[in-house]
Every structure is written in structure tokens, then in C-alpha cells.
Amino acid sequence: MSDRIFVTGAGVVSPFGDSPQRFRDALLEGASGIAVDERFAGGECRSRLTARVTGFDPAAWISPMKLRRMDTTGPFALVAVRQAMEAAKYPVSPGGDERAGVVLGSYSAGGQATNEYLGALFKGGPTGAPALLFNSTVGNAAAGLVGLEYQLRGPNTTISQKEASGLAAIAAATDLLRLGRADAMAAGGMDAAYDMFFRAHDRFHVMSDAAARDESVAPFSRCRRGFVMGEGGFVLWLERGEPWRDRGVEPLAEVLGVGAASALCPVNCWPTEAEPLARTMQLALEAASLDASDVDVVYASANATRVLDEVEARALATVFRGTTPVVTATKGALGECGASGAAASVAAVLCGQAGRVPGVAGLRQPDDVTAELNIPTETVDAPGPIALVNSVASGGALYSVVFKLVSC
């Protein structure tokens, strides 16, 4: 239980392409992947903005024969995990690695393939159903593909906890490593903004109705009015102890503590009380043996919705009263999805390695509720090595993870 957990690699498929370095640089440059999506801009949908993956050709990474059997989340997961393993110089064992596993989080995995499969089935009957898609109609297909492709025969788990899925996966992988169930784990999240998923959210009027990207899609903005749907794959390679020394690898960060709790709220609503989120952060700090004053940077879960941003701002003000950590949020650049907490974790690690913290993309006028918080509107120097990442799901699932940047 006392073994230290290190981050030795990171992988990214994002609106900025399939390069972790480009992902880091784009965030630090203040770029945003949010744009008008022509598939939804014809007037039928209230919402028209997404943060789609761009600059990614899965065929450059995966053979066409294998791609035929995957939905969109499969390539996101396979490529992000491969990048993380390569950065960690972790070898793929031909005979299988029983001490390495996978925990991935997703809100949408399996949905796109299920939609296509059932559509063909209802239209053409059993003979018209595309058999190649059937394996991708389950939520754990991407994690299964990763385990098979890279011969990872340890724990293989998929977590679907709505928007908190990605950070929940990192928390779960950390626990498995500390319990000695594995020595290395690929942990993170992947999600795809497919048509039916987008239209269902649009029907409930929970996303931004902005005609184009503007300050209203920036987290903590005074004029915010709803989140933008994002997508991508974001993975950390985690290792128990220090076997990376034998491979000549320098770790990126250490996972110091994990907190998990929940808030009482309706299933599709954001929490309205600050106490549960404040308690979750405190649990993570206690697990890390840290005080609030030790935290240098917070990557918030804020996503430009009226309720969530206000509740999180109040929780942060409670936990960090008397201290001034830099508080940022990545969803003004990447949108909201089940991989968002993993995306923020990768951002915390990669940007922290550069000694910088990205500002909140698009933010110009922070809401008054953030008056006690130190929220940058542009990139600033990281004040220290300790970063706390939050993730909140509509329905009340709450996660916080504390990282320490090793090179700081």
C-alpha cells in the first residue's frame, strides 16, 4: 500500500491532432478546438458547436483490416495507449504481460456502433446487420482492443461514469497499482461525439446555443451558457515503484492522492451544493498527506454551464481559502466529454513539465463568483509542482486526483 505511483508516459488524440507535444503547445498558446460543426449547423439542432478531433488519420497507426472492426473510440484508445507506452519505453511482450493492465473511462463507447448496427438490423433484417461492427457495440470494446493489441493481460476495466469517466479510470488504476494487482496500467479516457449522442444532448438543451465560438463557451465566464461537446483519447501510463529506472526513463509525475465521493442530485443534473466537491478535494489531499496550502495549480471541472461553474468556484474558495493556487480549466479548448478528466490530467502533466499553466481559453470577464480565485486568462508560469485535477459528472459522481510534477 505504500508503493509510489509514477506517470512515465502520456498519449493524446485531441482536437489538436495526435501529438502530445502539439496538444501541450496548443493549450499553452491559448488555442481552442471548439468550432462550428457543419453536420449540426443546418438549423435542425439548437446547438452547432463541437470540439472534434482533427489532424488524426487512424490508418497511419492501425491497419485497415483492423479498423473495419472498430468504432471511433477504438482508434482513439489504441493510439493514445501506444503513445503512452512508447514514451515510457515500456515493451510489448509477445507472450503477454500479466502484470500490466488497462482502465479506460468513456461516456459514449459502444453507442455509435450500436446505433449503426441496430439501424441496419431494423432496416434490412438480420442479413443486413453489419457483423463486423457487432464487437464494438459494447462499452468495454476499446479497453478490450487495447489489451489484445498490446498483450496487456492484467486487470482490464471500463468505467462509464458520464463526464467523470476519464478521471475515475485514473483513480481506479491508481488503486489497483497500490493494491499490488498490477505493476503498470494504461489509464485514461476516450469519447466520440457521434450523431445520435449529440442530438440527444441537443434535445435536452444542455449544450451551448452560441452561433460561433465566443466567450460564452469559456469556463467561469460571466456570460457562459452551456458546454460544448468534445471528443478524443487521453491516456497516462502509470507504474508502481521504480522499474522505469532500468529502462532509462525519467518519470513525468507522481500520483500522490485520490479522492472520490458523490453528491445528491437528479441523474442528469449538476450538483448544486459545494460541500460534496470540497469534501472530495479534501479526501484527495488527505490521501496525499498534503494541506490545501501545498497545492500550486488546480485543473477545474468547470465547463461553462451556469450551475457547475458556480458550485465548483464556491467549493474551491472553501478549500483554498487563504491560499492562491492558479485555477484553470481546459474545456474552453477541448469541450466536455467522458474523457475530459483524463484530458485535464494529461494537460496538468505535460504543461507542468514545461513549467507553465494554460489560461482558460476564451475567458475575458470571469464571473463574480470566482472573485476569490486566481484564474488566468492567458498562460502563466507554474508556481510549483503540485497539481490537483477535478472531475464532476452530471448526476453527482465526483473525483479529485493530486499529481506532483517530478522535474519541478
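Return yes or no: is ALA313 assigned to a helix (DSSP H, G or I), more than 25 Å from ALA333 (Cα to Cα), among the small types (Gly, Ala, Ser) and assigned by TED's automatic domain parsing to the domain that holds ALA382?
Working: assigned to a helix (DSSP H, G or I): yes; more than 25 Å from ALA333 (Cα to Cα): no; among the small types (Gly, Ala, Ser): yes; assigned by TED's automatic domain parsing to the domain that holds ALA382: yes.
Answer is no for this residue.
For (1) in contact with a Pro (Cβ under 8 Å, 6 or more places away or on another chain); (2) more than 28 Å from THR174 (Cα to Cα); (3) surrounded by 15 or more Cβ atoms within 10 Å (Cβ to Cβ); (4) not basic (Lys, Arg), each residue gets a yes or a no:
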residue: VAL7; (1), (2), (3), (4): yes, no, yes, yes
residue: GLN21; (1), (2), (3), (4): no, no, no, yes
residue: ASP25; (1), (2), (3), (4): no, no, yes, yes
residue: GLU44; (1), (2), (3), (4): no, yes, no, yes
residue: THR73; (1), (2), (3), (4): no, no, yes, yes
residue: ARG82; (1), (2), (3), (4): no, no, yes, no
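One line per residue, one yes/no per condition, for (1) on the phi > 0 side of the Ramachandran plot; (2) touching a strand residue (DSSP E or B) at 6+ places or on another chain (Cβ under 8 Å); (3) modelled with pLDDT under 95:
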position: GLY359; (1), (2), (3): no, yes, no
position: ALA371; (1), (2), (3): no, no, no
position: PHE403; (1), (2), (3): no, yes, no
position: CYS408; (1), (2), (3): no, no, yes
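Sort out which residues of the range 364-384 are touching a residue at least 60 places away in the same chain (Cβ under 8 Å) and either closer than 15 Å to ALA292 by Cβ or of a type in the set (Lys, Arg) (or both), and write them in order of number.
Looking only at the range 364-384, we keep the residues that are touching a residue at least 60 places away in the same chain (Cβ under 8 Å), and these are 364-370, 373, 375, 378-379, 382-384.
ARG364, LEU373, PRO383, GLY384 - these are the residues of the range 364-384 that are touching a residue at least 60 places away in the same chain (Cβ under 8 Å) and either closer than 15 Å to ALA292 by Cβ or of a type in the set (Lys, Arg) (or both).
Looking only at the range 102-120, filter to residues that are among the aliphatic types (A, V, I, L, M) and either outside the structural domain of SER160 (by TED's automatic domain parsing) or touching a residue at least 40 places away in the same chain (Cβ under 8 Å) (or both); which one of those is nearest to TYR150 (Cα to Cα)?
The extreme case among them is VAL102.
Is it the case that the range 166-183 has a residue that's over 17 Å from the mean Cα position of the chain (by Cα), touching a residue at least 12 places away in the same chain (Cβ under 8 Å) and part of a strand (DSSP E or B)?
Looking only at the range 166-183, we keep the residues that are over 17 Å from the mean Cα position of the chain (by Cα), and these are 175-183.
Right, trim to touching a residue at least 12 places away in the same chain (Cβ under 8 Å) and you get 175-183.
Those still in the list that are part of a strand (DSSP E or B) too: none.
No - not one qualifying residue is present in the range 166-183.
Out of the range 228-277, which residues are without any contact (Cβ under 8 Å) to a residue 40 or more places away in the chain and over 27 Å from TYR90 (Cα atoms)? Passing the criteria: THR272, GLU273. Looking at MET1, MET85, MET65, MET70, just one residue is under 27 Å from LEU177 (Cα atoms) and at pLDDT below 95, and that residue is MET1. Within the option set ALA387, ALA361, ALA347, being farther than 23 Å from VAL258 by Cα, in contact (Cβ under 8 Å) with a residue 24 or more places away in the chain and either part of a strand (DSSP E or B) or of a type in the set (Gly, Ala, Ser) (or both) holds for one residue only, ALA361. Here are some residues: GLU286, GLU310, GLU336. Which one is of a type in the set (D, E, K, R), without any contact (Cβ under 8 Å) to a residue 60 or more places away in the chain and either closer than 20 Å to GLU163 by Cα or touching a Ser or Thr at 6+ places or on another chain (Cβ under 8 Å) (or both)? Of GLU286, GLU310, GLU336, the one residue that is of a type in the set (D, E, K, R), without any contact (Cβ under 8 Å) to a residue 60 or more places away in the chain and either closer than 20 Å to GLU163 by Cα or touching a Ser or Thr at 6+ places or on another chain (Cβ under 8 Å) (or both) is GLU310. Of the residues that make up the range 106-120, is at least one surrounded by 15 or more Cβ atoms within 10 Å (Cβ to Cβ), farther than 22 Å from ALA77 by Cβ and modelled with pLDDT under 90? Checking the range 106-120: at least one residue is surrounded by 15 or more Cβ atoms within 10 Å (Cβ to Cβ), farther than 22 Å from ALA77 by Cβ and modelled with pLDDT under 90. Do you know which of the residues in the range 355-408 that are surrounded by fewer than 21 Cβ atoms within 10 Å (Cβ to Cβ) and of a type in the set (Ser, Thr, Tyr) is nearest to GLY188 (Cα to Cα)? Only one residue tops the list, namely SER407.
Which numbered condition trips up SER93, out of (1) surrounded by fewer than 19 Cβ atoms within 10 Å (Cβ to Cβ); (2) closer than 24 Å to ALA397 by Cβ; (3) among the hydroxyl-bearing types (Ser, Thr, Tyr)? Single failed check for SER93: (2).
The combined condition, being touching a helix residue (DSSP H, G or I) at 6+ places or on another chain (Cβ under 8 Å), surrounded by 19 or more Cβ atoms within 10 Å (Cβ to Cβ) and either touching a residue at least 12 places away in the same chain (Cβ under 8 Å) or in a helix (DSSP H, G or I) (or both), is fulfilled by ALA143. Taking the criterion of being within 30 Å of LEU49 (Cβ to Cβ) and aromatic (Phe, Trp, Tyr), the residues of the range 230-289 that qualify are PHE234, TRP270.
Check whether at least one residue in the range 292-306 is of a type outside the set (Asp, Glu), under 15 Å from SER394 (Cβ atoms) and over 18 Å from the mean Cα position of the chain (by Cα), and report yes or no. Yes, some residue in the range 292-306 is of a type outside the set (Asp, Glu), under 15 Å from SER394 (Cβ atoms) and over 18 Å from the mean Cα position of the chain (by Cα). Quick one: is ALA288 surrounded by fewer than 24 Cβ atoms within 10 Å (Cβ to Cβ) and within 14 Å of PHE403 (Cα to Cα)? Yes: the conditions hold for ALA288. Scan the range 247-261 residue by residue and report those that are under 17 Å from ARG178 (Cα atoms) and surrounded by fewer than 19 Cβ atoms within 10 Å (Cβ to Cβ). Once the filter is applied, which keeps residues that are under 17 Å from ARG178 (Cα atoms) and surrounded by fewer than 19 Cβ atoms within 10 Å (Cβ to Cβ), the range 247-261 yields only GLU254. Applying the criterion of at least 1 residues that are more than 27 Å from VAL249 (Cβ to Cβ) to the helices (runs of 4 or more DSSP H) found wholly in the range 1-103 leaves 64-67, 73-87.
The values are calculated or read from the model by the stated rules, or taken from the named source; none is laboratory data. As the structure is a computational prediction, the values presented were derived from the model and not from experiment. Every residue, glycine among them, receives a Cβ derived from its backbone with ideal geometry; neighbour counts consider all protein chains shown.
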